[in-house]
Amino acid sequence: MAAEGAAVLPREYGYVVLVLVLYSFLNFWMAAQVGRARKRYKVFYPTMYALESENKEAKLFNCVQRGHQNSLELMPLFFVTLLLGGLQHPVLAAALGAFYTVARFLYFKGYSTGEPANRLKLGGLNFPALLGLILCTASLGVHLLIREAL
């Protein structure tokens, strides 16, 4: 049965799936960086963010935490638009998804410097990639409606 469903998808959709896996590894890596920062800056669970009044290095920890948290906040939108947009445009969606993944890595690295503005130097390129994925998904919706109308 699974083989029948796979036959409906374009062969190139495999690239889309591999980008999703790549981003999953990036997410695990970012989570590990937050764990290391917890130990380094002595911010213990369940504390989500450090208070500057209690920890002189709170900003450094909070920047690492926030870099990962922001990535988690956008992950559902990224995954949905990657998977749906990839149905109509698998190669383009995979390329945009790979670009987004690299940009999110740079976003996280920039944020982790402790200077929040650094997240946008190259990391800000994740936003045009996400917009491209949204447009791929919109294209799928339009294609489905036009196809059904014919």
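Under 19 Å from the Cα of Lys42, which lysines turn up, not counting those fewer than eight places away in the same chain?
Cross-link targets: Lys56, Lys59.
Taking the chain, how much of its Cα-Cα pair set, in percent, is spaced more than 18 angstrom apart?
Values: 6865 of 11175 pairs.
Cα-Cα pairs in the chain separated by more than 18 Å: 61 percent.
How much length, in nm to one decimal, is gained on full extension between Met75 and Leu22, taken as 0.36 nm per residue of separation minus their Cα-Cα distance?
Numbers: separation 53, 0.36 × 53 = 19.08 nm, distance 1.27 nm.
Net length gain for the segment: 17.8 nm.
Sort largest first and round to whole Å: the equivalent ellipsoid semi-axes of segment 95-150, each the square root of five times a Cα gyration tensor eigenvalue. Walk me through the numbers on the way to the answer.
Details: eigenvalues 233, 14, 7 Å².
Each semi-axis is the square root of five times an eigenvalue, giving 34, 8, 6 Å.
How much of the calculated P(r) for segment 10-97 lies past 16 Å, in percent of all Cα pairs? All intermediate terms of the calculation are to be shown ahead of the outcome.
Numbers: 2227 of 3828 pairs.
So the portion of pairs separated by more than 16 Å is 58 percent.
Distance from a point 7 Å along Cα→Cβ of Leu120 to each backbone N in segment 61-100: keep the residues under 14 Å and list them by number.
none
Between segment 19-92 and segment 93-150, how far is it from one alpha carbon centroid to the other, in angstrom?
Their Cα centres are 16 Å away from one another.
Output the relative contact order of the chain, whole-number percent, from Cα pairs under 8 angstrom with separation of 6+ residues. All intermediate terms of the calculation are to be shown ahead of the outcome.
Details: 173 pairs, mean separation 38.5, N = 150.
Relative contact order for the chain comes out at 26 percent.
Each reported figure results from applying straightforward, stated rules to the coordinates on display, with no laboratory input. A quick note: this is a predicted structure, and the numbers were derived from the prediction, not measured. Reconstructed Cβ throughout: ideal geometry from the backbone, glycine too, with neighbour counts over all protein chains shown.
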